[in-house]
Amino acid sequence: HVIGFVLQRHGFNIVAAKNGFEAFQEVQKSLKTGKSFDLIILDLNMPITNGYEACSQIQGLYKD
């Protein structure tokens, strides 16, 4: 939460997810609306889908 606080103070919008599956869904949703994330920070030990799996799934959404 410290990273989010610092980034918000510098004008960044924060989207938080409770687990890796939610993180993947947020990225998927952003691509459908034409928005994108500049930075994605994942905890490797997240529940449901861990950070490694979420990262792999998110990378699969991008063609290049």
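The values are calculated or read from the model by the stated rules, or taken from the named source; none is laboratory data. Predicted, not measured: the structure shown is a model, and the values here were computed from it. Positions of Cβ are backbone-derived with ideal geometry, glycine not excepted, and every protein chain shown enters the neighbour counts. Keep in mind that these areas ignore ligands, DNA and RNA; they rest on the heavy atoms of the full protein, side chains included. Shrake-Rupley method; radii C 1.70, N 1.55, O 1.52, S 1.80 Å.
Would you confirm whether or not the stretch 42-56 contains a residue that is surrounded by 12 or more Cβ atoms within 10 Å (Cβ to Cβ), free of Cβ contacts under 8 Å to residues at least 24 places away in the same chain and touching a helix residue (DSSP H, G or I) at 6+ places or on another chain (Cβ under 6 Å)?
Checking the stretch 42-56: at least one residue is surrounded by 12 or more Cβ atoms within 10 Å (Cβ to Cβ), free of Cβ contacts under 8 Å to residues at least 24 places away in the same chain and touching a helix residue (DSSP H, G or I) at 6+ places or on another chain (Cβ under 6 Å).
Does ILE3 meet the test of being touching a helix residue (DSSP H, G or I) at 6+ places or on another chain (Cβ under 9 Å), aliphatic (A, V, I, L, M) and at pLDDT below 95?
The answer is no for ILE3.
Does the stretch 38-54 include one or more residues that are in contact with an Asp or Glu (Cβ under 7 Å, 6 or more places away or on another chain) and at pLDDT below 95?
yes
Can you name every residue in the stretch 45-64 that is assigned to a helix (DSSP H, G or I) and not polar (S, T, N, Q)?
Within the stretch 45-64, GLY51, TYR52, GLU53, ALA54, CYS55, ILE58, GLY60 qualify.
When residues of the stretch 21-41 are filtered for being of a type outside the set (D, E, K, R), over 22 Å from ILE3 (Cα atoms) and open to solvent by 80 Å² or more (accessible area, probe 1.4 Å), how many remain?
1
Restricting the stretch 10-44 to residues that are in a loop (DSSP other than H, G, I, E, B) and either on the phi > 0 side of the Ramachandran plot or among the small types (Gly, Ala, Ser) (or both), which is farthest from the chain's Cα centre (by Cα)?
Among them, the one singled out is GLY11.
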